[in-house]
1. Between a residue in the stretch A:68-88 that is touching a residue at least 12 places away in the same chain (Cβ under 8 Å) and at negative phi and any residue that is of a type in the set (Lys, Arg) and in a loop (DSSP other than H, G, I, E, B), which pairs come within a Cβ distance under 7 Å, given they are 6 or more apart or on different chains?
2. More than 19 Å from A:Glu9 (Cβ to Cβ), surrounded by fewer than 22 Cβ atoms within 10 Å (Cβ to Cβ) and within 14 Å of another protein chain (Cβ to nearest Cβ): which single residue out of A:Gly331, A:Gly422 fits that description?
3. Please specify each residue of the stretch B:63-81 satisfying the condition of being outside any loop (DSSP other than H, G, I, E, B) and either more than 9 Å from chain A (Cβ to nearest Cβ) or within 16 Å of B:His36 (Cα to Cα) (or both).
4. Taking the condition within 10 Å of chain A (Cβ to nearest Cβ) and crowded, with 18+ Cβ neighbours inside 10 Å, does B:Thr60 pass?
5. Can you find a residue that is in contact with a strand residue (DSSP E or B) (Cβ under 6 Å, 6 or more places away or on another chain), part of a strand (DSSP E or B) and either more than 14 Å from chain B (Cβ to nearest Cβ) or surrounded by fewer than 20 Cβ atoms within 10 Å (Cβ to Cβ) (or both) anywhere in the stretch A:401-412?
6. Any residue that is touching a residue at least 12 places away in the same chain (Cβ under 8 Å), of a type in the set (Val, Ile, Thr) and in contact with an Asp or Glu (Cβ under 8 Å, 6 or more places away or on another chain) - is there at least one of those in the stretch A:432-443?
7. Which one of these is in a loop (DSSP other than H, G, I, E, B) and either out of contact with any Asp or Glu (no Cβ under 7 Å at 6 or more places or on another chain) or within 22 Å of A:Val41 (Cα to Cα) (or both): A:Ala324, A:Ala293, A:Ala310, A:Ala334?
8. When the residues of the stretch B:32-44 are narrowed to those that are surrounded by fewer than 16 Cβ atoms within 10 Å (Cβ to Cβ) and within 10 Å of B:Leu3 (Cα to Cα), which ends up nearest to the other protein chains (Cβ to nearest Cβ)?
Amino acid sequence: MSNKKALYERPLIQRINTGLMNKFGTKTEYAPVTHIDTFSVKDLITQYGSPVFVLSERTIRNTYKEANRAFKTRYLKVQFAWSYKTNYINAICNIFHQEGSWAEVVSGFEYAKALKNGVPGNRIIFNGPDKTDEDLRSAISNNSPIHIDHLDELYRLTELAVEMNKRPNVAIRVNMDTGIYPMWDRFGFNYENGQAWDAINKIILGDKLELIGLHCHIGTFMLSPSAYATAAYKLSDLALGIKQKFNKHIQYIDMGGGFASKNTLKGSFLPGEDTSPSFDQFAEAICTALLNAGFTDKDLPLLILETGRALIDEAGYLLGSVIANKRLADGRRATILDFGVNIMFTSFWYNHKISPAQEFSSYTEDTVMYGPLCMNIDVIRDHATLPPLKKDDHVVVHTVGAYNMTQWMQFIAMRPAVVLLGIDGKTHLIRKRETLENIEMNEVMPEFLKDFKIS
Amino acid sequence: MNLLKNLAISDTGFVFNPATGDSFSVNPIGLDILKHLKDGKSENEIRKHLLESYQTDKETVEKDLYDFFKMLDQLRLTEHD
């Protein structure tokens, strides 16, 4: 091929629409992302295959430090607990544990994972509505704080405490009206109708369980820090009420998680980078509420935070490739990628930013981004403005660190490898790409179905 | 396939259809193709020109020209004999 020839790009023609734009103009995503940290996207795909999840250790640690700074400069006693369900790949959990995080789990599976990772039992917060007797016994034996979700659990825990002759450390989860919609009232005991206060009385007067904390988790992807201030006031009110009635000190207030990441929710007018509150804004709301609630110096409770999404989302990327391009019946461009919604669960509620991983001119085209699943729901982005990608070009999907590596589904193909981009300048495989053997290892073939004959 | 005769095509890639008032933008290669169509060149001649002038291959040009011509049809910028 002669070097005198000009660079080729797919010919494009687009109608210019006027009168439909907003004052901010259209958002183009053609700035190429050829490297993440110092690692070449092309090399990562060559080494680990496509698609592949990558997580930046540098971003994880920096984000944690930023969150920690925001709270600890405003409130003396702060403790983060890593939300396992957000991303429970052990290497990721251990980064947070190295930074000082406890573990926050919501199932026996996650609890076992945290123990196996080496987290001391009394540093594992056990949340969630489904704790089996076996889970509860294990948590009681290990002195783990058990956050009670409902009265059935409270009564069962009381029975187990008697049976085991132990005094379990417990908190109750409290739900409340913080002025946001939807109000999460399915978890825990309600504040406004007195259920929470009733549960507190049952625990303290029952004298079989040790009430050490109060917990709430007011919602997910919260864009309003002031809702946390309301929640902190209401939990503080309960804690102060306990002090007044029982002269009992509540050791911690756990504000849960739900801080928004920088992702862009579907239907948002502006990108998440511009609208999501900072850690400082959340910290200001929560810490000010606690400091002003009326605690004496010695009674100020430990502030526990279980934020997951905001600590890990930006550190995660999905690298993938273009399988094909096509033109839809209405003239729209469609691009088929080699990753589907089964491994990008969050594409159901975010417009994930997708960047090309190679240089292009500045010409762009409106494109629908489909996955490879052979199912109509498999839409990664129903509208993206991207340069003319061609078969085998690479793309980078941003802000995928939260939930995708826990909620992903194995469907018609293997789930991809997960790679950590180390601060040491090396890449580390932290979860291997699945194999057919992995998937079939739990299948059992009855003897009578082993053979068949097709004529 | 012929482009609409009264289509205005600027050197910067701005295309205007005076019959409908619609405006379009094309990238440099799209502009190159439109100019050749305007000059009455056949599809084969355009294909040959692209292969001689750009770093590409026959299959890519085949696919992309097919798509581009379909778009011109869809945008009602062509007339057929």
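1. Partner pairs satisfying both residue conditions: none exist.
2. Values: A:Gly422 fails: within 14 Å of another protein chain (Cβ to nearest Cβ).
Answer to the selection: A:Gly331.
3. B:Asp64, B:Leu65, B:Tyr66, B:Phe68, B:Phe69, B:Leu72, B:Asp73, B:Thr78, B:Glu79
4. Working: within 10 Å of chain A (Cβ to nearest Cβ): yes; crowded, with 18+ Cβ neighbours inside 10 Å: no.
Spelling it out, it is not the case that B:Thr60 is within 10 Å of chain A (Cβ to nearest Cβ) and crowded, with 18+ Cβ neighbours inside 10 Å.
5. Scanning the stretch A:401-412, I find no residue that is in contact with a strand residue (DSSP E or B) (Cβ under 6 Å, 6 or more places away or on another chain), part of a strand (DSSP E or B) and either more than 14 Å from chain B (Cβ to nearest Cβ) or surrounded by fewer than 20 Cβ atoms within 10 Å (Cβ to Cβ) (or both), so the answer is no.
6. No, the stretch A:432-443 has no match at all.
7. Numbers: A:Ala324 fails: in a loop (DSSP other than H, G, I, E, B); A:Ala310 fails: in a loop (DSSP other than H, G, I, E, B); A:Ala334 fails: in a loop (DSSP other than H, G, I, E, B).
Answer to the selection: A:Ala293.
8. Residues of the stretch B:32-44 surrounded by fewer than 16 Cβ atoms within 10 Å (Cβ to Cβ): B:35, B:38-44.
From the residues that got through so far, the ones that are within 10 Å of B:Leu3 (Cα to Cα) too are B:35, B:38-40.
Values: B:Lys35: 12, B:Lys38: 14, B:Asp39: 16, B:Gly40: 18 Å.
For the stretch B:32-44, the residue satisfying everything is B:Lys35.
Just so you know, all these numbers are worked out from the coordinates, no wet-lab data involved. Every value quoted in this text rests on a predicted model; they were computed, and no experiment measured them. When we count neighbours, we look across all protein chains shown, and the Cβ atoms used for this are built from the backbone with ideal geometry, even at glycine.
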